[in-house]
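All of the numbers you see were taken from the coordinates with simple rules; none came from a lab. No experiment lies behind these values; they were computed from the predicted model shown. Glycine gets a Cβ as well: all are built from the backbone with ideal geometry, and neighbour counts include every protein chain shown.
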């Protein structure tokens with residue numbers, strides 16, 4: 001249920017045994033809804049210098065040894081607790097948290113082979129709260145419990161790399177980790193659906209997300225076409241071009257590049273009606289199939305024109321003709337785009353500097369209410385004592401657990 005539908009005396013509590021990106025991104029989207037998200041990490045491992053989520057130590061150090069730049073954005077607005085689930089006492093603490101907070105949603109993207117031994121499997125946690133929503137993300141689902149999952153490996157396995165890159169070049173991975181993010185989006189959606197069902201029926205739900213299945217679910221404009229007489233080479237790596245609509249490509253301008261996308265013969269007619277592009281008003285280019293048949297000549301013709309003009313001038317002509325287009329924006333300038341700057345979130349690092357965060361997929365009432373500022377990503381185990389006290393443990397009990405290595 002959306003944040004504005006939550007009773008004022010309760011907001012869903014999400015406990016997530018998460019690391020890396022896929023589940024961290026899913027629960028960040030729940031933060032955007034105003035939900036309380038607690039990330040659960042293991043106690044220190046003997047002989048290993050780093051503690052908790054490995055992503056804490058990726059990128060440039062921002063706030064102490066355990067909050068590096070790659071970790072910050074997906075974990076803003078969360079709390080953090082560290083428990084040793086390899087010990088019975090740690091698993092009992094987990095069950096106590098589920099009961100006493102109480103936890104509405106439990107998430108995990110640890111290897112499914114470890115779920116039962118750590119006490120985080122659906123059956124064990126459901127015994128503590130019958131209406132619990134439980135969500136797992138893994139490489140190939142809980143039916144394949146020992147398969148590890150990393151975004152580029154799944155891009156390779158699921159055909160993405162065969163579709164990405166230049167036609168005469170090697171397979172490439174996509175720039176953003178899109179399978180991690182797609183899996184996180186799917187977890188978010190399924191949890192929201194489950195919460196809505198829970199509000200209606202009072203029942204929980206087990207959600208099992210396979211990153212591989214999620215990845216292949218996006219191949220609508222590829223796999224079905226193979227059964228409709230498209231040869232594989234028609235679907236494979238195609239650089240910046242669209243495989244069906246022509247011309248759709250990046251073209252060199254006098255001072256950079258501009259991306260032009262013609263999606264219909266009507267758009268093509270509007271383009272060639274402009275004096276700049278009138279030399280291309282030829283019968284052989286009038287239809288999409290004609291442009292396909294003469295694509296090499298068309299590409300040369302377009303670039304012969306665009307190279308003579310600055311990107312801004314070309315953009316003005318295309319805007320006047322109603323043609324979809326865009327400059328190739330350098331990544332360092334994206335945050336300054338007006339539509340990004342007006343919706344971006346932010347947090348404040350411990351040293352006082354403002355960290356700009358990407359905007360949410362959709363701005364929520366919760367984010368509007370807090371002015372778009374999220375608390376900075378938590379340090380390792382930062383809220384352990386507070387959370388366990390909330391679950392009813394007194395200071396001597398906490399000290400004893402820490403002495404025994406059950407909490408950190």
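Things to note:
- Peptides 266-272, 26-32 ranked from most to least packed by the mean count of surrounding Cβ atoms within 10 Å: 26-32, 266-272.
- With Cα atoms, 0 to 90° folded angle of helix 178-201 axis to the chain main axis: 60 degrees
- Choice from 378, 42, 358 showing the highest fluctuation, given a GNM over the chain with Cα pairs closer than 10 Å: 358
- Rg over Rh [alpha-carbon atoms, Kirkwood Rh] for the chain: 1.06
- Highest-fluctuation residue, 232, 360, 330 considered, GNM on the chain with Cα pairs under 10 Å: 330
- Alpha carbon centroid spacing (whole Å) that separates the stretch 156-214 from the stretch 362-381: 24 Å
- In degrees, nearest ten, helix 295-306 long axis to first principal axis of the chain (Cα): 90 degrees
- In percent, rounded to a whole number, the relative contact order of the chain is 20, using alpha-carbon pairs under 8 Å and six or more apart.
- For the chain, calculated [θ]222 nm from helices alone, where every DSSP H run of n ≥ 4 adds -39500 (n - 2.57): -9500 deg cm²/dmol
- Residue 49-residue 131 FRET efficiency (beta carbon distance; Förster radius 30 Å; 0.05 resolution): 0.15
- For the chain, DSSP calls about 35 percent of its internal beta bridges antiparallel.
- Relative contact order (percent, whole number), the stretch 248-327, Cα cutoff 8 Å, 6+ residue spacing: 44 percent
- Nearest 10 degrees, 0 to 90: helix 311-321 Cα axis against the chain principal axis: 80 degrees
- Label-to-label distance for residue 252 and residue 174 is 2.9 nm, based on points extended 7 Å past Cα in the beta-carbon direction.
- Förster-model FRET efficiency, 35 Å R0, residue 244 and residue 10, C-beta, rounded to 0.05: 0.10
- Based on C-alpha pairs under 8 angstrom that are at least 6 apart in sequence, the stretch 102-256 has a relative contact order of 26 percent.
- Extended-chain gain in nm, criterion 0.36 nm per residue less alpha-carbon gap, residue 354 and residue 394: 10.7 nm
- At an R0 of 35 angstrom, the distance between the Cβ atoms of residue 294 and residue 142 translates into a FRET efficiency of 0.10.
- Cα centroid separation, the stretch 67-118 to the stretch 237-292 (Å): 52 Å
- For the chain, a Gaussian network of Cα nodes joined below 10 Å ranks 149, 141, 263 by mean-square fluctuation, and the top entry is 263.
- Computed extension gain for residue 284 through residue 313, at 0.36 nm per residue and net of the alpha carbon distance, reaches 7.8 nm.
- Residue separation of residue 65 and residue 340 scaled by 0.36 nm, minus their Cα-Cα distance, works out to 96.0 nm of gained length.
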